[in-house]
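Here the structure comes first, spelled out in C-alpha cells, and everything after it is commentary.
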Amino acid sequence: MNVADDKTIVKEYFNSVGFDRWKRIYEGGEVNKVQLDIRNGHQQTVEKILGWLKADNNLSGLSICDAGCGTGNLSIPLAEAGAKVYASDISDKMVQEAKEIASNALKNPENVTFAVQDLEDLNGSYDTVICCDVLIHYPQDKADEMISHLCSLSQSRVILSFAPKTCFLTILKKIGSLFPGPSKTTRAYQHREADIVKILETNGFTIQRQEMTSTRFYYSRLLEAKRK
Ligand SMILES: C[S@@+](CC[C@H](N)C(=O)[O-])C[C@H]1O[C@@H](n2cnc3c(N)ncnc32)[C@H](O)[C@@H]1O
C-alpha cells in the first residue's frame, strides 16, 4: 500500500465512519469502554499542550498552526485564550464540525480560521505549529516528510504527538475500528521516538519538553521542539 493510498484512505475514513466515531469520542456522546478510555487519554494530551503554551506565553496574538485540527479540540481553546489560530484538516466533515462548535463556543470567532487542507499543502509562517495525534495515520518515511514540512512553517516551536513503538502493538486489534482500514490490518502506525527526534533535529529543532500519556488503550508521546 503506498502513501497516496494512505492519504486517500485516511481522508475517506474521516469523512465517513471515522468522523462519527471520533466525533462521539471527542464531544462526549455515548461511547463504549475503550472509546471512553481513549477520550480520557486524548483529553490529557490536549490539556498538556494547552498547559505548556499557557505557561510560556501570553497567548494573545500568538500565531498558531493546528495541522490536522479534527473537531477543534485545541484550536478552539487556543482561540478563546487570544491566539490567532490557523486550523486545518484533510477531512471536510471534521472542519465543518469544528467550525460549528467554534461558532457556538467562541466570543471571538475571528481568532480562528478553518480550512480543509492536507497538512503537506500548508504554507505561511507561524510562531507555533501543532500536530496532535495525526502521525499515527502515516508510516515513518511519510511522517518524516510531514514533520519536515511542519518545521518549515514554524518560526520558533513545533509540538507533535505520536504513538510510540514500544507499548502499542498489543492494543491495535482492540481499537481497530477507530482507525482506517479493515480492523484486522489496522492502519495505525507507531513511531520510534529516536526517528522523530532525528528528523526534528535535522530540521534545526531541539527537544525542550516531553510528556507521555498512557491509559489502557491510548498511548501518546508528546514532544515540544524549539528552533535552535
Ligand atoms: C485522531 S484525529 C486528531 C484530531 C486533533 N488533532 C485532536 O487531537 O483533537 C486525526 C485527524 O488528523 C486528520 N488528518 C489525517 N491526515 C491528515 C493530513 N494529511 N492533513 C491534514 N489532516 C490530516 C484527520 O482527518 C483527523 O481529523
Please report, to one decimal in angstroms, the Kirkwood hydrodynamic radius of region 1-150 built from all distinct Cα-Cα pairs. 15.8 Å
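What FRET efficiency, computed as 1/(1 + (r/R0)^6) with R0 = 22 Å and r the Cβ-Cβ distance, is obtained for Asp121 and Val197, rounded to the nearest 0.05?
Working: r = 26 Å, r/R0 = 1.16.
Once rounded, the FRET efficiency stands at 0.30.
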Provide the FRET efficiency to the nearest 0.05 for the Ser103-Thr8 pair, computing r from the beta carbons and using R0 = 22 Å. 0.15
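May I ask you to order 197-205, 91-99, 34-42 by the average number of other C-beta atoms within 10 Å around their residues, highest value first?
Details: 197-205: 16.8, 91-99: 20.4, 34-42: 18.7.
By packing density, highest mean first, the sequence is 91-99, 34-42, 197-205.
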In the structure shown, do any of Lys84/Lys107; Lys198/Lys226; Lys84/Lys142; Lys7/Lys84; Lys7/Lys142 have a Cα-Cα gap over 22 Å, and if so which? Lys84/Lys142; Lys7/Lys84
Residue-averaged [θ]222 nm for the chain, counting only DSSP H segments that reach four residues, each worth -39500 (n - 2.57): -12500 deg cm²/dmol
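Tally Lys and Arg at +1 and Asp and Glu at -1 over the other residues with C-beta under 13 Å from the C-beta of Val158: what net charge comes out? Don't jump to the answer; show the numbers that get you there.
Numbers: positive: Arg157, Arg209, Lys226, Arg227, Lys228; negative: Asp66, Asp127, Glu201, Glu224.
Residues near Val158 contribute +1 overall.
Below 11 angstrom from the Cβ of Thr213, what's the summed charge of the other residues (Lys, Arg +1; Asp, Glu -1)? Walk me through the intermediate numbers first.
Details: positive: Lys48, Arg221; negative: Glu47, Asp133, Glu211.
Computed value for this residue: -1.
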Residues other than Tyr13 with Cβ under 11 Å of its Cβ, Lys/Arg counted +1 and Asp/Glu -1, net out at +2
For region 109-163 and region 1-54, what is the centre-to-centre distance using only Cα atoms, to the nearest Å? 16 Å
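Values quoted throughout were computed directly from the atomic coordinates according to the rules given, and no laboratory measurement underlies them. Computed from a predicted model, the values in this text were never measured in an experiment. With ideal geometry, Cβ positions are generated from the backbone for all residues, glycine too; neighbour counts draw on all protein chains shown.
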